[in-house]
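One structure is given here, and the rest of the page talks about it.
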Amino acid sequence: MVEFARDPAQVDLNTATRRQPPKSESRKPKPESSAALAARQPADKRLASDFGLRTSDFGIQASHLCLCARMLAGTKEAMSKEHTASSSALSRRQFLYRSALAAGATALAGCARIQPSPVSTEEAPIPPVQPRRISANEKLNIGAVGAGGKGSSDINCCASENIIALCDADEEMAVAARKRYPNANFYRDWRKMLEQEKSLDAVIVSTPDHTHAVIAASAMRLGKHVYCQKPLTQTVYEARLLRELAKRHKVATQMGNQGSAEDGLRRSVEVIQAGLIGPVRQVHVWTNRPIWPQGMDRPAGAHPIPETLDWDGWIGPAPMRPYKSRWTDQPAKGGRRGSGSVYAPFVWRGWQDFGTGALGDMACHTANMPFRALKLGYPTEIEATSSAMNTESYPLKSTIRFEFPEREGLPPVQFWWYDGGNPKPNKPFDHDGSNKPPKDVLADVQEMMDKIPGSGCLLIGNKGTLFSPDDYGAQFFLKLKGEKEMSDGKAHEAVKAIPQSIPRNGFEGGADLRQHLEWIAACKGGAPGYSDFDVAAYLTEIILLGCVALKAGKKIEWDGPNMVAKNAPEAAQWIRRQNREGWGI
């Protein structure tokens, strides 16, 4: 079985101060030592790569470099407290010095007691850990991180397989799932689950946004297939990393934007790419989100942490903060879902440390279709306007403009995003849903529906317009030049003449179930999922640039290939987050 490759920068779980595990955890065998767990080559290589090191920097062989990294990860006697910090806390000179000491100590003491893993070199590369081969008739062994809320439905969509492990930092959120899957081992720490559940084939990640990437990356480095909820990550850097890891480890992946499974979405992509509405130069996408509080500041004080909640694990890579259960100056029940709660459940989406606001929550759904149809690559410019913006939560409303250049023979595109609205009387963190595209842009939609729906997507081409009235792109309407009104895309004669070019999801059930089944089939050697990380990470990366522009408070000139805001060096902190000590990615 594959051993868990712990990053040398992570805190040793055996020495960190943590609560006593539930009985289901305590029955597990004692975890391997830090040194043994750190012996896997990818962690060593990542550490050296982070510092731009070569074996020639040390004057030692590559095998000694591997041992240096392992000793830095697991030898307590040779390390002070600062060694448990992330690799960014060490200077290159410190790393060289300590690694040279470690290499010398290893050479002098001998390696008879340590059997080092082979080291990947340019002359003799070692392939990354990859998943085991599974036949179509076998069942996957699946572990789920995040067992309540959307996690519950994600698990149930995979109930045809073996659900062998459940994990949630909040035991209360996992009550229903534990009853439904009584044979699954339960954990509050996903790292322990990955260490101890050696037979796992795949992992479902349905946690708050800020922990998606660190969990998914760890699972993929172990050769586990991954289904991860949207948005795939919280930062641009994380999205690009997950895309590369999925390719490197050859795992089957899928992001949870279930509209990707809909025939209507795939058909609209075909129609647009066939040129029916002509070259598209403008796109408008809007949502009724946020349906949780935004625009608020952090509350003062703290509440006792419930025994059922691992607050340290829930915070994960984000900066630590005091636990608060409910707003003390608001009633327990409000007009918005979970509005009496401060952070969890659900309302974490509005906090910058944990969520991605309305944009991150919904654009992976509503922008999915135009992203695919128009082959949108990296934008060159992103600019956001919003209601009052602070450093704690996302604004109550925002309008964001993305400029996409010419690509693959397609003209430049101006993409507009709208969310939220003006605050309601006596509810300063709740909105009226008024932030929509201009009335003249939506005139045909208004005429057809007698209203403007809460969410929608409108593409404007030289020959006509195409409109999808919901979050998932399951249905579309169009109006060609010379036509009086919009009509159902399925019934339009011009649409009927366009041949199918995109394979359909042939599974039965609702879109959510079918998208999970598509991923399961991919895990067993089938075709890649339509929203695998090669596509989904790219989509997520582009969307999250809107969050960067909101926080920067200025127009961003974007260098996509190099992941740099050319005119805003201060934006680097939002492009790649500095994770909390012990939670490095």
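Observations, loosely collected:
- Put in order of Cβ neighbour count within 10 Å, fewest first, the listed residues K427, K397 become K427, K397.
- Exceeding the 20 Å Cα-Cα cut-off - candidates K375/K481; K451/K496; K150/K524; K439/K479: K375/K481; K451/K496; K150/K524
- Checking every one of the trypsin sites (Lys or Arg not before Pro) in the stretch 177-248 against DSSP loop status and a limit of 14 other Cβ atoms within 10 Å picks out K198.
- Remark: spin-label model distance A443-I502 equals 3.0 nm, labels positioned 7 Å along the Cα→Cβ axis.
- Using the Cβ-Cβ distance between N567 and Q282 with R0 set to 30 Å, the FRET efficiency works out to roughly 0.80.
- Burial order of peptide ranges 149-156, 518-525, 201-208 (average beta-carbon count within 10 Å, highest first): 201-208, 518-525, 149-156
- Here M320, M296 are placed in order of increasing Cβ neighbour count within 10 Å, fewest first, which gives M320, M296.
- By the beta-carbon count within 10 Å of each Cβ, the least crowded to most crowded order of I542, I498, fewest first, is I498, I542.
A short reminder: the numbers here are calculations on the coordinates, not readings from a lab. These figures come from a predicted structure and were not determined experimentally. When we count neighbours, we look across all protein chains shown, and the Cβ atoms used for this are built from the backbone with ideal geometry, even at glycine.
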